[in-house]
Amino acid sequence: MRKSPPDKIAAPSVQEIKDLDKRLRDEAEASGYHLNPDVEFTRDLAAGLLVNEKRYGYWSCPCRLASGDKQRDLDIICPCDYRDPDLAEHGACFCALYVNDAILQGKQKAKSIPERRPNARRVAQPKQAAQSGGATGMKFPYPVWRCKVCGYLCGRNEPPEKCPICKASKERFERFAG
């Protein structure tokens, strides 16, 4: 259901922004991800997430145009569906909230990233199974990757940079199905 935005949205307080920045950093690090080391930049993005939460009721990416319909915007709710492919290919997600180790350590700079979202006004629909599922005979829309350390499974084109459970690196994943 489309949520009508209020006429005027109060800007988040400095404390709300700082609290969200800390929460995002803690959650990212606990899951094997990193937030952009530029604190001012990251807090601007956190403010955008808070504004969008007040506006729509969910954290739509502050760098993309949300429809106000949560079902249509599921792919751009932070962390968005495009974060991991962007990190793998470009070292940062589209809005550069999440970055890889090289950017975090200052060995690489975040750069402009092309938009992966097929159509900003698309209607979210279930993806059709496109690949076979190995021994199970099931079909999956993406390959399934398994962390050889802890057994974590994820369905995406590439394994994550780090396992969100045990923090094992990308090299410790194997293709499990699909």
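The values are calculated or read from the model by the stated rules, or taken from the named source; none is laboratory data. Predicted model, so just to flag it, every value in this text is computed and none were measured. Note that each Cβ is placed from the backbone with ideal geometry, even for glycine, and that neighbours are counted across all protein chains shown.
This table checks each residue for (1) modelled with pLDDT of 90 or more; (2) small (Gly, Ala, Ser).
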position: ASN100; (1), (2): yes, no
position: GLN108; (1), (2): yes, no
position: VAL123; (1), (2): no, no
position: ALA135; (1), (2): no, yes
position: MET138; (1), (2): no, no
Residue in segment 60-69 that is in contact with a Lys or Arg (Cβ under 8 Å, 6 or more places away or on another chain), more than 27 Å from ALA168 (Cα to Cα) and among the acidic types (Asp, Glu) present: yes
